[in-house]
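The values are calculated or read from the model by the stated rules, or taken from the named source; none is laboratory data. What you see is a predicted model, and the numbers here were worked out from it, not measured in a lab. Positions of Cβ are backbone-derived with ideal geometry, glycine not excepted, and every protein chain shown enters the neighbour counts.
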Amino acid sequence: MSKNLKIFLGISYLLILFIFLYLIFSSIQISRMGDFSYYKEIQSNVDTYISKNIIINLIYYFVFAVIWVSLLGFGSPILIMSGILFGKWLGTIISVVSISVGALILYSIGNFFFKDLVKSILEKKFEKYIKLFQRNEFYYFFIYRFIGGLGVPFGLQNLIPVLFKMKKINYFFASLLGFIPGFFILNTIGAGLNTYIKQAQNFDMITLIFTQEIYVPLLMFAVLMILSLLIKKKFFDANY
């Protein structure tokens with residue numbers, strides 16, 4: 001494939017990304033963001049819509065999540081969304097699978113179109129870890145996913161393996177397994193938010209935080225963060 005064609009396809013990809021993000025955020029009624037009744041309306045409408053055909057809506061979510069992640073979208077919003085839409089268990093399953101697929105597509109795109117750009121941005125910062133990944137790419141990439149990607153923004157996390165030419169099958173299954181703990185926690189928070197919006201008459205931050213469906217996953221998240229720091233120190237920093 002010629003260099004000019006690669007440039008054209010790369011620019012087209014970025015253009016699609018910006019159009020997609022514009023369509024998503026233009027559908028939000030910014031003027032009503034401070035009105036709690038707006039969220040109750042959305043919650044009621046969404047629950048009704050989802051319950052009509054759960055299978056079709058799971059397919060819609062899967063396609064949306066794959067496209068979102070492959071276009072460098074943030075991970076947390078669609079994890080909260082899957083918890084709100086499908087609950088913590090089904091939400092975790094569909095989000096883990098769809099985001100793993102989307103991340104693999106993004107990795108493939110980045111490895112083909114933007115390899116030099118990725119290396120110029122990330123290689124120096126992660127130079128000390130590249131040898132670890134090359135030693136056992138599945139093992140260390142699984143740990144990398146489990147601990148949240150070493151604090152790197154989600155879109156860039158998915159491109160790190162470009163630096164050491166990771167096998168796609170290892171990339172997919174290390175992501176799939178490593179995502180589960182963190183994704184379950186965020187889906188649980190999403191499910192808790194859905195329950196709170198459904199039951200509350202007015203928004204109150206203190207009440208929200210001390211709702212069992214919220215504070216339990218928040219505690220789980222805090223434990224996961226502490227565990228992640230310990231794992232990072234043992235498996236990454238100690239091996240450098």
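Scanning region 91-126 for residues that are touching a residue at least 12 places away in the same chain (Cβ under 8 Å) and in a loop (DSSP other than H, G, I, E, B) turns up Phe114, Glu123, Phe126. Close contacts from region 214-233, counting a first residue that is more than 20 Å from Gly149 (Cβ to Cβ) and a second that is hydrophobic (A, V, I, L, M, F, W, C), with Cβ to Cβ under 7 Å and a gap of 6+ residues or different chains, come to Ile214/Ile189; Ile214/Leu208; Tyr215/Ile209.
Would you mind finding the one in Tyr61, Tyr13 that is surrounded by 12 or more Cβ atoms within 10 Å (Cβ to Cβ), of a type in the set (Phe, Trp, Tyr), closer than 28 Å to Gly151 by Cβ and modelled with pLDDT of 85 or more? On inspection, the qualifying residue turns out to be Tyr61.
A quick yes/no check of all residues on (1) under 17 Å from the mean Cα position of the chain (by Cα); (2) within 30 Å of Ile160 (Cβ to Cβ); (3) modelled with pLDDT of 75 or more:
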| position | (1), (2), (3) |
| --- | --- |
| Ile28 | no, no, no |
| Ser37 | no, no, no |
| Thr48 | no, no, yes |
| Val66 | yes, yes, yes |
| Ile80 | yes, yes, yes |
| Gly83 | yes, yes, yes |
| Ser95 | yes, yes, yes |
| Leu106 | yes, yes, yes |
| Phe112 | no, yes, yes |
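Counting only residues that are within 15 Å of Gly110 (Cβ to Cβ) and assigned to a loop (DSSP other than H, G, I, E, B), region 140-157 holds 3 of them. Residues in region 205-240 that are outside any helix (DSSP H, G or I), of a type outside the set (A, V, I, L, M, F, W, C) and at pLDDT below 80: Asn239, Tyr240. Being aromatic (Phe, Trp, Tyr), over 26 Å from Leu72 (Cα atoms) and in contact with an Asp or Glu (Cβ under 9 Å, 6 or more places away or on another chain), is that true of even one residue in region 194-209? Looking for residues that are aromatic (Phe, Trp, Tyr), over 26 Å from Leu72 (Cα atoms) and in contact with an Asp or Glu (Cβ under 9 Å, 6 or more places away or on another chain), one finds at least one in region 194-209, hence yes.
Criterion applied to Leu193, Leu208 was being of a type outside the set (Phe, Trp, Tyr), without any contact (Cβ under 8 Å) to a residue 24 or more places away in the chain, closer than 24 Å to Lys40 by Cα and buried (at least 16 other Cβ atoms within 10 Å of the Cβ), and the one residue passing it is Leu208. Scanning region 135-187 for residues that are on the phi > 0 side of the Ramachandran plot and surrounded by 16 or more Cβ atoms within 10 Å (Cβ to Cβ) turns up Gly148, Gly149.
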